[in-house]
């Protein structure tokens with residue numbers, strides 16, 4: 001029996017399409033699924049697992065794919081056993097969320113997600129959004145190994161950082177109250193994991209990697225419309241803050257999003273700020 005939020009590929013493919021009309025361009029879950037699977041396989045990736053979630057009536061849907069490249073020239077990727085590569089997307093029919101997709105990683109023992117936050121793409125469903133989304137999926141896949149290497153490096157770094165229980169508690173408070181990364185229900189789940197972990201992450205509990213996994217485990221309950229952004233926001237928050245505490249400035253490699261007259265980033269007035277990119281947010 002499917003848990004709340006989980007669904008099947010067939011359910012999403014057969015979900016009724018919206019009839020908003022006007023400038024709205026329908027980007028169907030069927031097309032996103034089919035294009036993603038085709039591009040992954042055409043690029044030499046093996047899809048080892050497909051996971052889908054949706055809200056009521058599939059108005060908002062999420063797809064997650066655990067993937068493996070046929071070959072790699074990067075020895076770090078070839079020898080990585082703790083993490084697997086992941087591709088994820090979010091799509092909506094109710095205008096509540098712009099399309100997003102990202103390459104990241106997942107922890108093999110628990111399927112917790114890791115997204116660097118620098119590879120997300122958002123596009124409003126207008127004009128040529130359907131074609132642009134297809135191009136963006138393709139672009140993300142072409143850069144999969146680069147982004148996965150970033151995730152591996154982040155994991156290896158987190159394993160070197162000691163994080164006391166008091167420091168973990170402080171981070172949780174900030175993520176709940178000031179950063180708006182987690183909800184109160186997720187906080188409760190994270191605290192339970194800190195006290196009695198469901199998985200063995202092969203590290204001390206006062207370690208940043210253990211804490212990272214407790215949080216991403218809690219984020220599994222996030223709504224499909226926010227899981228990608230919440231996971232990426234947490235990754236950026238915790239890694240940047242830890243580096244800052246060590247006196248290290250993390251270089252900004254965020255790629256610019258090209259915005260046309262119909263594609264707007266959430267809560268940003270681009271008319272007043274025409275030169276905004278993700279690196280300025």
Along Cα→Cβ, 7 Å out, is where each label goes; now give me the distance between the ones at residue 241 and residue 17 in nm to one decimal. 4.4
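Determine, from the Cβ-Cβ distance of residue 68 and residue 206 and an R0 of 51 Å, the FRET efficiency 1/(1 + (r/R0)^6), rounded to the nearest 0.05.
Values: r = 33 Å, r/R0 = 0.64.
Once the sixth-power term is evaluated, E becomes 0.95.
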If I stretch the segment between residue 57 and residue 42 completely, what's the gain in nm (0.36 nm per residue apart, minus their alpha carbon distance), one decimal? 2.3 nm
Inter-centroid distance (Cα atoms) of segment 189-221 relative to segment 10-70, Å: 29
Full-extension gain in nm, residue 9 to residue 165, via 0.36 nm per residue minus C-alpha separation: 52.1 nm
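Can you give me the relative contact order of segment 157-245 as a percent, contacts being Cα pairs under 8 Å and 6 or more apart?
Values: 63 pairs, mean separation 30.2, N = 89.
34 percent.
We did not get these values from a lab; they are worked out from the coordinates using the rules stated. It should be emphasised that the depicted structure is a prediction, and the values quoted were computed from it without experimental measurement. Note that we place each Cβ from the backbone using ideal geometry, even for glycine, and neighbour counts take in every protein chain shown.
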